[in-house]
Structures are given as structure tokens and as C-alpha cells.
1. Run the reach check for K132 against aspartates and glutamates, Cα to Cα strictly under 19 Å, same-chain hits fewer than 8 apart removed. What comes back?
2. Filter K45/K135; K45/K157; K18/K168 down to the pairs with a C-alpha to C-alpha distance above 26 Å, please.
3. Counting Lys and Arg as +1 and Asp and Glu as -1, what is the net charge of the other residues whose Cβ lies under 13 Å from the Cβ of V26?
4. Apply 1/(1 + (r/R0)^6) to the Cβ-Cβ distance of E56 and S5, taking R0 = 25 Å, and write down the FRET efficiency to the nearest 0.05.
5. So what is the 222 nm mean residue ellipticity for the chain from helices alone, if each DSSP H run of at least 4 adds -39500 (n - 2.57) and you divide by all residues, rounding to the nearest 500 deg cm²/dmol?
6. Based on the mean of other beta carbon atoms within 10 Å per residue, what is the order of 7-17, 130-140, 163-173, 104-114, most packed first?
7. Test of understanding: in a Gaussian network model of the chain with alpha carbons linked when under 10 Å, which of A121, A84, A52 would top the mean-square fluctuation ranking?
8. Taking 0.36 nm per residue of separation and subtracting the Cα-Cα distance, what length does fully extending R95 through I158 add?
Amino acid sequence: MSMISKKMCLVGDFGVGKTSLIRRFVDRQFSDQYLSTVGVKISRKNIELIGAKEQEKLDLQLLIWDLEGHTKFKAIAPSYLQGASGAVIVADVSRQETIERIPEHLQLFTSVNPKSSIIIALNKSDLIDEEKLAKLFELVEDLSHEQILSIHTTSAKIGKDVDEIFQKLAYKMVEPV
């Protein structure tokens, strides 16, 4: 069986947990230590997709690009985003401004990859109560955009919905266009 490769980007402001989500998915680890990503870091993970692309199973190598979240990076971001089949736009539910900037990240990614799929991850959901989380979720739901596949409340710390966002996006990325 042959392996196919697809590029996925994680986009969002600094400190929202992009690297932590990737580490939880790829390495099954979490660390409270904050290390700022400089430029881009690429992780690989081989996954098996059952029932994808009219095949019983498909071996997929995910190339997960972890993009720096600082604004000075915006000028070179399009070259890093180029060729991505999908993106996870990450916001930190404990920092309202990161949620307010989701449309900017959405616009930047879709301007480079107009046919790619996107999942929005409202990360660090373990830090706020359910009621506040529900309100933030509703706020983001109003963003309706045809490329948004779904919105998830995630937590890299406890692993909530981490595998789901990567798996769901991976399946979408291998669908015939």
C-alpha cells in the first residue's frame, strides 16, 4: 500500500497552544513550559484512514506546519501556507482577543488556499467554565464560511478533541475534489 502525503497548517496568535496541540497529537505529550515557535516547525505523523477515498484504508503522512503567531510574521506567512490541504485555526478561550482575530487568520489562509478545509480549535477549554465556553462557541459559530468544516473546543492539556480535529481534517484533505 502506498503512502500519500498532505500538508496541514496550524495558524493562530502566539501562545494559543498550536505547538501543544501538535505535541499532544504527534507525541502524546503535554508540557506547561511555553516555548515560542520561531518561523515554522514541521512535524510528521503517519495515520491510517479507514474507508477514505473509496479504499478500505489509506496510509497518510501528515506534514503539520506549526506557524509562528507573531504579527511581524504576516508578510512571509503566505509562502509558508502555500500548498496546504487544510488548516486548524487555533484561539485561546481564556484570551478574547485571540478569538476576535480568527477572521484575520481565516482570511489570510483562504486567500492563499481557496479550496482547502479549515477547522477552528477553541483551545484551553479546561481553563474556563462550560457556560462561558458555550457563549464563545456561539460567537465563533456566527463566522460561517464555506471552508470551515467544524469548530471544536479543545484542550491540549487533557487531550480533549485533539485527535478528532486532526483526524477529521485529514479525512477531508484526502477527499476527491
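1. Candidates past the 8-residue exclusion: D92, E97, E100, E141, D142, D161.
2. Exceeds cut-off: K45/K135.
3. Neighbourhood net charge equals +4.
4. That gives a FRET efficiency of 0.80.
5. Result for the chain, helices only: -9000 deg cm²/dmol.
6. 7-17, 163-173, 104-114, 130-140
7. Between A121, A84, A52, it is A52 that shows the largest mean-square fluctuation.
8. 20.8 nm
Bear in mind these aren't lab numbers, they're just calculated from the coordinates by the rules spelled out. Small disclaimer: the values here were computed from a predicted structure and weren't measured. Please note: Cβ atoms are built from the backbone with ideal geometry, for glycine as well, and neighbour counts cover all protein chains shown.
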